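Chemist: Below are the structure tokens for one structure; questions will follow.
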Amino acid sequence: MNAPCQMPEIAPKLADALLKPQSVALVGASPRPSSNGLAMVQMSRIDGFAGRIYPVNPNYVEIEGLPCFPSLDALPETVDLVAIAVANLHLEEAFDQAIRHGAKAIVVFGSAHLENDVEPPLARRLADKANRAGVSFCGPNSMGFYNPGIGLRIAGFPSPAGLRRGGVAYIAQSGAAFSALAHNERRLGFVVCVSSGSELGATIADYVEWSLRQPETRVLGLFVEQIREPARFASALDCASRLNIPVVRAAVQKSATVAAA
């Protein structure tokens, strides 16, 4: 088991409710073929998640054999995690409902970009709302995450079955890099795979700290494009070194400028 690190306690912006939820609401779930809403429901069940899954959409009563609820208010319990797959125009309303519901964590797949938006823009408004409410926030513009240990995928797109459980904690700021490794490298087994998106809530430093606290973690895989909290990130990497956990940085460029960065 990994020894304790001299890192700050997990902040509210990255609680276990985000990456290890026991109950999940899928806002924007849909039975429509080839839709993101259908993929979201199917992926949440593909690896055998034993927790509770609640599709939410007022237009349907059942999706993939699961009862579908008209709103978060109609759920039989307060869920740990709300995943939101709706158009950007409706995103703020759905986000507000998730906070009022009392969810501890929220994942946003959309870009949170609106034409002719006001100041502050939508993405910043969502981040501020999550911060004030003490909610763990993954995104916006995230492809979600996979936790093979609990059999859960939070994703708005289909992906192949057969994700292996293992010792790699993989965090990618690039959606393409997230998909390339998680979906195609079958020799690897994962503690978690995270697409961190725009990181207006939890940052890569938060995901690294969380991963180092998991006793299963044996190696960190990172695809880093921007470090938003350099001091915390450096501290987390130092902790990984003291725990003898290797850190592998994936890159798509080999120029001297990129290497220096």
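Only the coordinates and a few stated rules stand behind these numbers; no lab work does. Because the structure is predicted, anything quoted here is derived from the model rather than measured. All Cβ positions, even for glycine, are placed from backbone atoms using ideal geometry, and neighbour counts span all protein chains on display.
Chemist: Given Cα pairs under 8 Å that are at least 6 residues apart, what percent is the relative contact order of the chain?
Modeler: 19 percent
Chemist: Under 5 Å between amide H atoms, partner at least 5 residues away or on a different chain: which partners does GLY189 have, H built in plane at 1.01 Å?
Modeler: Sorted by chain and number, the residues that satisfy this are GLY167, VAL168.
Chemist: Which residue fluctuates most in the GNM of the chain (Cα springs below 10 Å): PRO246, PRO70, PRO33?
Modeler: PRO33
Chemist: If you place +1 on the Cβ of every Lys and Arg and -1 on the Cβ of every Asp and Glu, how big does the dipole about the Cα centre of region 181-253 come out, in debye to the nearest 20? List each step's numbers first, then the result.
Modeler: Values: 8 positive and 8 negative charges, 51 e Å.
Approximately 240 debye in magnitude.
Chemist: Shifting gears a bit: Using Cα pairs closer than 8 Å and at least 6 residues apart in sequence, work out the relative contact order for region 142-260, in percent.
Modeler: Computed over region 142-260, the figure is 25 percent.
Chemist: Run through region 55-119 and list the GluC sites (Glu not before Pro) located in a DSSP loop whose Cβ has at most 13 other Cβ atoms within 10 Å.
Modeler: Passing sites in region 55-119 are GLU77, GLU115.
Chemist: OK, next. When the dipole is taken about the Cα centre of the chain, and only Lys, Arg (+1) and Asp, Glu (-1) are charged at their Cβ, what size is it in debye, to the nearest 20?
Modeler: 820 debye
Chemist: Also: Using per-residue counts of other Cβ atoms within 10 Å, averaged over each peptide, order 228-236, 120-128, 151-159 from highest down.
Modeler: By packing density, highest mean first, the sequence is 151-159, 120-128, 228-236.
Chemist: What's the angle, to the nearest 10 degrees (0 to 90), between helix 175-184's Cα axis and the longest principal axis of the chain?
Modeler: Long axis of 175-184 versus the principal axis of the chain: about 80 degrees.
Chemist: Mind checking which of THR78, ASN131, LEU188 is farthest towards the positive end of the chain's charge dipole, using Cβ charges of +1 (Lys, Arg) and -1 (Asp, Glu) about the Cα centre?
Modeler: Comparing the listed Cα positions along the dipole, LEU188 ranks first.
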